[in-house]
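The values are calculated or read from the model by the stated rules, or taken from the named source; none is laboratory data. Small disclaimer: the values here were computed from a predicted structure and weren't measured. Note that each Cβ is placed from the backbone with ideal geometry, even for glycine, and that neighbours are counted across all protein chains shown. We work out accessible area using only protein heavy atoms, side chains counted, and drop any ligands, DNA or RNA first. Shrake-Rupley method; radii C 1.70, N 1.55, O 1.52, S 1.80 Å.
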Amino acid sequence: MGLAVAIMTDEIGWHTRQLQAALRARGCVGRCIDLADCRIDTTAAWHGLVIPGFGRELPEAVMVRGIAGGSFEQVTKRLGVLHALRELGVPVYNDARAIERSVDKSMTSLLLHAARIPTPPTWATESLAQAQRIAIREGAAGHALVLKPLFGSQGKGLRLVGEVAGVHHALPDIGAAYGGLAYLQRFLPAQTSPGFDWRVLVIGGRAVTAMRRVSAHWIHNVAQGARCEPAVLTTELAQLAQGAAQALGMDYAGVDLMPSPPRTGAKARGGIQVIEVNGVAAWQGLQRVTGFNIAAALVDDLLGRRLAPADGVVRSQVPRRA
């Protein structure tokens with residue numbers, strides 16, 4: 001039997017079936033495991049972990065497809081299991097460090113800024129008064145803002161702040177709905193009608209496919225009704241997406257980019273800016289406009305880059321102890 005790979009997921013569906021089929025095609029087996037069901041037990045085995053379906057052994061690799069929400073303590077334990085697996089020599093794809101960097105939008109923004117990746121100006125503050133001052137200052141300069149949940153996904157919870165198309169949007173209370181934190185990003189108005197953004201998939205450091213997400217609404221997530229269209233993977237899109245994935249240390253990433261308005265001046269040109277980097281990216285919409293099997297490409301990268309030693313023979317990297 002081939003390698004036993006744990007697919008960490010809180011939801012079994014299309015994506016996990018795609019990964020399992022791709023693993024079977026390579027002679028491996030993929031077992032779906034919920035991180036909530038994993039636990040630490042230092043009496044159970046030499047490594048101190050209990051991974052359902054693996055007995056006293058460890059998976060030979062882990063693919064992270066989803067982590068269920070929960071209390072701070074629960075999520076800390078789940079990420080801790082991923083950290084421990086990496087420390088024990090198990091390749092984790094993407095590992096906990098990369099997921100933490102991408103799930104925390106403020107850390108994503110900091111790392112993109114530090115790497116000189118074009119990204120909209122961003123602020124994160126626990127002070128509502130300070131957030132209001134930022135909104136006033138940006139509004140006076142002609143800019144609106146987007147308020148985002150720090151840990152949000154799929155376009156949920158996004159709110160405009162400031163004046164857009166002649167309508168003023170007040171900054172809402174940042175209490176329970178936003179965890180007492182205002183994560184604000186400068187709004188990029190649509191440059192076409194309807195507007196769009198790009199999703200670029202990076203695997204193993206290389207941009208491999210792209211699509212446009214087109215919507216009359218200012219939010220372009222597929223989960224919010226945007227339609228997927230094929231997009232040419234230009235050199236600029238590829239380089240920006242690859243740079244963003246590298247800045248966050250990711251095995252694979254779904255990188256969201258938007259065209260930005262031109263600066264003032266006779267020779268002013270617009271550009272492209274990275275909006276978000278997704279460490280547990282869905283690809284069902286992207287698969288519809290991509291000519292190769294994305295799950296197979298992910299599995300090939302895991303086996304060929306993360307698991308293959310210098311001699312090219314794929315084998316387990318997990319140390320065994322009595």
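Among (1) open to solvent by 10 Å² or more (accessible area, probe 1.4 Å); (2) on the phi < 0 side of the Ramachandran plot; (3) not hydrophobic (A, V, I, L, M, F, W, C), there is one condition Gly55 misses while meeting the rest; what is its number? Failing condition for Gly55: (2). Please verify whether Thr76 is assigned to a helix (DSSP H, G or I), among the β-branched types (Val, Ile, Thr) and open to solvent by 60 Å² or more (accessible area, probe 1.4 Å), treating the condition exactly as stated. Taking the combined requirement at face value, the residue satisfies it.
Condition (residue is assigned to a helix (DSSP H, G or I) and either open to solvent by 70 Å² or more (accessible area, probe 1.4 Å) or touching a strand residue (DSSP E or B) at 6+ places or on another chain (Cβ under 6 Å) (or both)) applied to region 149-171: is it met by at least one residue?
For region 149-171, residues assigned to a helix (DSSP H, G or I) and either open to solvent by 70 Å² or more (accessible area, probe 1.4 Å) or touching a strand residue (DSSP E or B) at 6+ places or on another chain (Cβ under 6 Å) (or both): absent.
Evaluating Val64 against the criteria (1) within 16 Å of the chain's Cα centre (by Cα); (2) open to solvent by 50 Å² or more (accessible area, probe 1.4 Å); (3) of a type outside the set (Ser, Thr, Tyr) leaves one unmet condition, (2). If you go through region 131-148, how many residues are in contact with a strand residue (DSSP E or B) (Cβ under 8 Å, 6 or more places away or on another chain) and farther than 25 Å from Gly70 by Cα? Qualifying residue count, region 131-148: 9. If only residues of region 132-141 that are without any contact (Cβ under 8 Å) to a residue 24 or more places away in the chain and within 14 Å of Pro121 (Cα to Cα) are counted, the one that is least open to solvent (accessible area, probe 1.4 Å) is Ala141.
The conditions of being aliphatic (A, V, I, L, M), open to solvent by less than 70 Å² (accessible area, probe 1.4 Å) and out of contact with any Cys (no Cβ under 9 Å at 6 or more places or on another chain) are met by Ala245.
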